[in-house]
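The values are calculated or read from the model by the stated rules, or taken from the named source; none is laboratory data. If you're wondering where the values come from, they're calculated on a predicted model, not measured in any experiment. Positions of Cβ are backbone-derived with ideal geometry, glycine not excepted, and every protein chain shown enters the neighbour counts. With ligands, DNA and RNA removed, areas are computed over all heavy atoms of the protein, side chains included. Shrake-Rupley method; radii C 1.70, N 1.55, O 1.52, S 1.80 Å.
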Amino acid sequence: MASLAGTRARQLSLPFEEAPFWDGCGLEAALLRETARPLRLTLTQNRSVLLSFRRKAGVIHLRLHRMFLHAPLGVVRAVARSLRRTSPSADSEVRRFMNENLHRVRKVPRQLPPLVTGGRVHDLQQVFDRLNARFFSSALRVPLTWGRGSVRARRGGLTFGSYDPVLGLIRIHPVLDRRDVPQYFLESVVYHEMLHHHLGGIPDRAGRTVYHSRVFREAEARYPWHRQALAWEKDNLPHLLRASAELDRKRKAEAAALRRS
């Protein structure tokens, strides 16, 4: 697998930590005013669920990541509208705030791995650029790379792609860098992860964060070869599982040889 010349690992740096707009009591009071309903607020450091809520005995029990202490009043009002389900645009506003403040999720910056986009067969950057121009007006800015690959399977198959919301990084399984993998299938996987970056997660009516929401599925179905990609995966999954296992064996053998040398 070839890498782009001059590509180096990059490090995400934390911006200057400005003072928050709220303390816990002030944020809860503002949310109470905006929702006009009984509400209990719990602030968390949860790295995966940034917003969740449940209703119990007429009280909204809301859990927010501490990043929301830095939310301007407009975002706080959008959270309230989401809780009341009165504004379809409120979810987008809250999601945008969360995506823009992911640096607050981890206090220690994580380092991007070396970005390897050029493969033996497919070039991920070319795939990304085509999809970005067609579906996002070339507005998305997100790094991507071929991953290391693993035989670790999710239920029903391999994890062909993943999105790291803290690094803002897309990884694609190297088993897809093969001549027998059609371009439309690779594009469908990259497009899926681009949507995760673009849409993030939204709370459902039960307060759980949903990533494969109705809005996400509708956007995913706009890819013209979406059905063909699903059918191809179903027909070829056993072959890809075997190919992934072989990649994993080769990677482990190479690592063992390096340790002996």
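Of all residue pairs spaced 6 or more apart or on separate chains, those with beta-carbon atoms under 8 Å, a first member in the range 21-34 that is small (Gly, Ala, Ser) and a second member that is open to solvent by 50 Å² or more (accessible area, probe 1.4 Å) and not in a loop (DSSP other than H, G, I, E, B) are Ala30/Leu73. What about Arg130, is it modelled with pLDDT of 95 or more and either outside any strand (DSSP E or B) or surrounded by 13 or more Cβ atoms within 10 Å (Cβ to Cβ) (or both)? Answer is yes for this residue.
Only residues that are in contact with a helix residue (DSSP H, G or I) (Cβ under 8 Å, 6 or more places away or on another chain) and either part of a loop (DSSP other than H, G, I, E, B) or modelled with pLDDT under 90 (or both) were counted in the range 133-155, giving 10.
So which residues in the range 221-261 are in a loop (DSSP other than H, G, I, E, B) and either of a type outside the set (A, V, I, L, M, F, W, C) or more than 19 Å from Gln183 (Cα to Cα) (or both), if there are any at all? Reasoning before the result, please.
The initial filter retains those residues of the range 221-261 that are in a loop (DSSP other than H, G, I, E, B), namely 221-225, 261.
If the condition is that a residue be in a loop (DSSP other than H, G, I, E, B) and either of a type outside the set (A, V, I, L, M, F, W, C) or more than 19 Å from Gln183 (Cα to Cα) (or both), then Arg222, Tyr223, Pro224, Ser261 are the ones that fit.
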